[in-house]
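Everything on this sheet refers to the single structure shown next.
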Amino acid sequence: MGVKALVWIGLCSGADRKFVDVITPYVKEKAIFGFFLMDDPDPRIGLAQCKPSSLRAEADWIHAHVRGARTFIVLMNLSAAETPSFQGTYNPGNSHVDLYGIDPYPCRSELNGCSNTMIPRYVLAAETWGIPRARMVPVYQTFGGGSWSDGDGGEYRLPTAAQSRAMLAQWRALIPAPPFDYAYSWGAQRGDHALEDSADLRDVFSNHNKDR
């Protein structure tokens, strides 16, 4: 089977005319795995509010018109990294989205390394909010430094190869056969270091992909 695409959308406006116009060219495209509806959507009231009902309308339209396509979002943690919570966000019941990216980034300056418990905490928080592990997509940290702030008083740190292998092992124990997985990020965005800068990390993830 050839490689299939995950198409970025990023609207969260429901199945309106703009959404339909964006999706329609892919309706008969056979090389589509699915649609990345939103990255870190926020259900809270505000200018950037993304209502579960809007994602549900988009997911329902895709399921009705693009045969076999999956819908995907990455969840936003609404609490601190020590006490992650997805309560009141999105799950299969209120959004009809198929797959949910879980993105703990455990390597941080305030930890002087990487947390050994953050990944399990995030997985448990998502599970508590009604997302089965079979629908979870691991998001691996492959960035650090620059102007990124981790929201808990520190900065993200680029994992070493050994730290990345340890994180991959944790994920395999928790979700041994995810629908897919991905590393964030390949390229530097805010003066940081990312996967493109580290041959050691590229080797780790290349070997991971071969094992998959």
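Each value in this text was obtained by applying a stated rule to the coordinates, not by laboratory testing. None of the values given here were measured: they were computed from a predicted structure. Here the Cβ positions follow ideal geometry from the backbone for every residue, glycine too, while neighbour counts run over all protein chains shown.
Please return the longest stretch of the chain lacking exposed loop sites, where GluC sites (Glu not before Pro) count only if DSSP places them in a loop and at most 12 other Cβ atoms lie within 10 Å.
Of all site-free stretches, the longest is 83-212.
With a sphere of radius 13 Å drawn around the Cβ of residue 5, what net charge do the other residues whose Cβ falls strictly inside it have (Lys, Arg +1; Asp, Glu -1)?
Once all neighbours under 13 Å are counted, the net charge is +2.
Can you put 143, 205 in order of Cβ neighbours within 10 angstrom, beginning with the fewest?
Going from least to most buried by this count: 205, 143.
As a footprinting exposure proxy, order 4, 28 by other Cβ within 10 Å, with the fewest listed first.
The order, fewest Cβ neighbours first, is 28, 4.
What order do you get for 18, 51 when you list them from fewest to most C-beta neighbours inside 10 Å?
Result, fewest neighbours first: 18, 51.
Ratio of alpha-carbon Rg to the 2.2 N^0.38 Å globular estimate for region 128-170, to two decimals, please.
It is 1.46.
Check cross-link reach from residue 18 to the aspartates and glutamates: straight Cα distance under 16 Å, and skip same-chain residues fewer than eight apart.
58, 60
List the lysines whose Cα sits under 19 Å from the Cα of residue 4, skipping any in the same chain fewer than 8 residues away.
In chain and number order, the partners are 28, 30, 210.
Please identify which residues in region 59-92 have an amide N closer than 13 Å to a label point set 7 Å out from the Cα of residue 117, following the Cα→Cβ vector.
81-84
At 0.36 nm per residue, minus the direct Cα-Cα distance, what do residue 5 and residue 24 gain on full extension? Give it in nm, one decimal, please.
5.3 nm
With θ set to phi - 60° and the Karplus curve 6.51 cos²θ - 1.76 cosθ + 1.60, what are the ³J(HN,Hα) couplings of region 143-154 in order, to the nearest whole Hz, using x for Gly and Pro?
8, x, x, x, 9, 5, 10, 8, x, 10, x, x
Just to check I understand the Karplus step: with θ = phi - 60° and J = 6.51 cos²θ - 1.76 cosθ + 1.60, what whole-Hz values come out for region 10-18, glycine and proline as x?
x, 10, 6, 10, x, 7, 8, 4, 4
Give me the tail of P(r) for the chain as a percent: Cα-Cα pairs with distance above 26 Å.
Numbers: 8331 of 22366 pairs.
Cα-Cα pairs in the chain separated by more than 26 Å: 37 percent.
Go through region 72-83 residue by residue and turn each phi into a ³J(HN,Hα) via Karplus (6.51, -1.76, 1.60, θ = phi - 60°); whole Hz please, and just put x for glycine and proline.
8, 9, 9, 6, 9, 6, 9, 9, 6, 5, 6, 10
Within the set of other residues whose C-beta is less than 10 Å from the C-beta of residue 96, count the net charge using Lys and Arg as +1 and Asp and Glu as -1.
-2
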